[in-house]
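A.B. asks: Got a structure for you, questions after.
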Amino acid sequence: MKGHRSAVIDFDVGLRNLDLIMGCERRVVYDFVNVINGEANLNQALIRDKRSDNLYVLPASQTRDKHALTQEGVGRVLEELSEDFEYVICDSPAGIEHGATMAMYFADDAIVVTNPEVSSVRDSDRMLGILASKSRRAENNEEPIKEYLLLSRYSPERVKEGEMLHVEDVKEILALQLLGVVPESKAVLTASNSGVPVILDKEGDAGKAYMDVVERYLGEDLPHRFIEIQKKKLFGRLFGR
Amino acid sequence: MGFLDYFRATPKSGKSATLAKERLQILVSHDRLEANSPSYLPKMKEELIEVIRKYVDVDQDAVSVKLEQKGSREMLELNVVLPD
């Protein structure tokens, strides 16, 4: 959306879903594993996004063999993609299994997506430990992966009531630079229902928050939004929501 | 529950976020320590306990081995509870 040529790869082998979220599930012919195995070339497998000319999706395979992603194969595909794209986004599955390890191994930057919830924060800390020790950069003693925090499903109202971890608490525990806070929003489910990424919802809070995240990642210095409770206008107050 | 309780602000349960933060801080520092400990530690623990048991008749769980880190100093703490 900012004009950078970008490719996004679904690393969740066996549980392909990025195509569904991006609304291109009916255009999947070849997948990531096909490309690794040489059964298709990248141009055949990459799906061009209908809404954004510079965005391409490489879907995950539905195979049950989770070791279908070999380190050497993933490296080869990423190398080829980096010749043609400015940004290659590796969408990692949750957890610390093979798919996640492969998604992070070759990374330069990592965006850790966390909910303000104890299990999610703890898992993120584990993942940070793995990023710092098991990545290619770590193994080659290069400059470490740059890590950013993205806090989603945030509810300022619940934070005020003391029912939810504050963004500052999560930041402090994980010791990360905050890339953005995405508020809990109905628009997210609506977006996934219809296969239209929520960032395209330019009116909604979640969409704006994601756009902020992109701009901050690209180096813009924007103030953080959606951390405080937004005051309803007088009409809103009188007539409920 | 007394009649007046109905008028009180949200009771203690409203402070669960503080609890979450405290639990996480303890847990995360513990996890990090464990993740950073050398891989030979469990095996060493096992063998240490075995040696002690060779000379003193103690239970397996009467021996605890802990590796602590304070700044740049690492400390191996061995705690044996001797039988009476």
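A.B. asks: Just give me the residues in segment B:26-53 being acidic (D, E) and open to solvent by 60 Å² or more (accessible area, probe 1.4 Å), in sequence order.
C.D. replies: Across segment B:26-53, the qualifying residues are B:E34, B:E46, B:E47, B:E50.
A.B. asks: Look through segment A:47-99, keep the residues that are in a strand (DSSP E or B) and touching a helix residue (DSSP H, G or I) at 6+ places or on another chain (Cβ under 7 Å), and return whichever of them is surrounded by the fewest Cβ atoms within 10 Å (Cβ to Cβ).
C.D. replies: Among those that are in a strand (DSSP E or B) and touching a helix residue (DSSP H, G or I) at 6+ places or on another chain (Cβ under 7 Å), it is A:D91.
A.B. asks: Turning to a different aspect of this structure: Show the residue pairs meeting these rules: Cβ distance below 7 Å; 6+ apart or different chains; first residue within segment A:171-198 and within 14 Å of chain B (Cβ to nearest Cβ); second residue surrounded by fewer than 18 Cβ atoms within 10 Å (Cβ to Cβ) and in a helix (DSSP H, G or I).
C.D. replies: Pairs found: A:I173/B:Q25.
A.B. asks: Looking at this structure, is A:L222 within 14 Å of another protein chain (Cβ to nearest Cβ), open to solvent by less than 70 Å² (accessible area, probe 1.4 Å) and hydrophobic (A, V, I, L, M, F, W, C)?
C.D. replies: Considered against the rule, which asks whether it is within 14 Å of another protein chain (Cβ to nearest Cβ), open to solvent by less than 70 Å² (accessible area, probe 1.4 Å) and hydrophobic (A, V, I, L, M, F, W, C), A:L222 comes out as no.
A.B. asks: If I ask for residues that are more than 17 Å from the chain's Cα centre (by Cα) and part of a helix (DSSP H, G or I), which ones from segment A:126-139 would you list?
C.D. replies: A:R126, A:G129, A:I130, A:A132, A:S133, A:K134, A:R136, A:R137, A:A138, A:E139
A.B. asks: Please count how many residues of segment A:115-153 are touching a helix residue (DSSP H, G or I) at 6+ places or on another chain (Cβ under 9 Å), more than 10 Å from every other protein chain (Cβ to nearest Cβ) and surrounded by fewer than 15 Cβ atoms within 10 Å (Cβ to Cβ).
C.D. replies: Counting residues in segment A:115-153 that are touching a helix residue (DSSP H, G or I) at 6+ places or on another chain (Cβ under 9 Å), more than 10 Å from every other protein chain (Cβ to nearest Cβ) and surrounded by fewer than 15 Cβ atoms within 10 Å (Cβ to Cβ) gives 5.
A.B. asks: Which number in (1) in contact with a helix residue (DSSP H, G or I) (Cβ under 9 Å, 6 or more places away or on another chain); (2) surrounded by 20 or more Cβ atoms within 10 Å (Cβ to Cβ); (3) not hydroxyl-bearing (S, T, Y) marks the one condition that A:M22 misses?
C.D. replies: (1)
A.B. asks: Determine whether segment A:166-173 contains at least one residue that is outside any helix (DSSP H, G or I) and hydrophobic (A, V, I, L, M, F, W, C).
C.D. replies: Checked against the condition, which is being outside any helix (DSSP H, G or I) and hydrophobic (A, V, I, L, M, F, W, C), segment A:166-173 yields no hits at all.
A.B. asks: Could you run through segment A:25-45 and say how many residues are surrounded by 14 or more Cβ atoms within 10 Å (Cβ to Cβ) and small (G, A, S)?
C.D. replies: 2
A.B. asks: Give the residue that is farthest from B:H30 (Cα to Cα), with candidates limited to residues of segment B:54-84 that are open to solvent by 90 Å² or more (accessible area, probe 1.4 Å) and part of a strand (DSSP E or B).
C.D. replies: B:R73
The values are calculated or read from the model by the stated rules, or taken from the named source; none is laboratory data. Values in this document were obtained by computation on a predicted structure and should not be read as measured data. Heads up, the Cβs are rebuilt from the backbone with ideal geometry, glycines too, and the neighbour counts pull from every protein chain shown. For accessibility, only protein heavy atoms count, side chains too; no ligands or nucleic acids. Shrake-Rupley method; radii C 1.70, N 1.55, O 1.52, S 1.80 Å.
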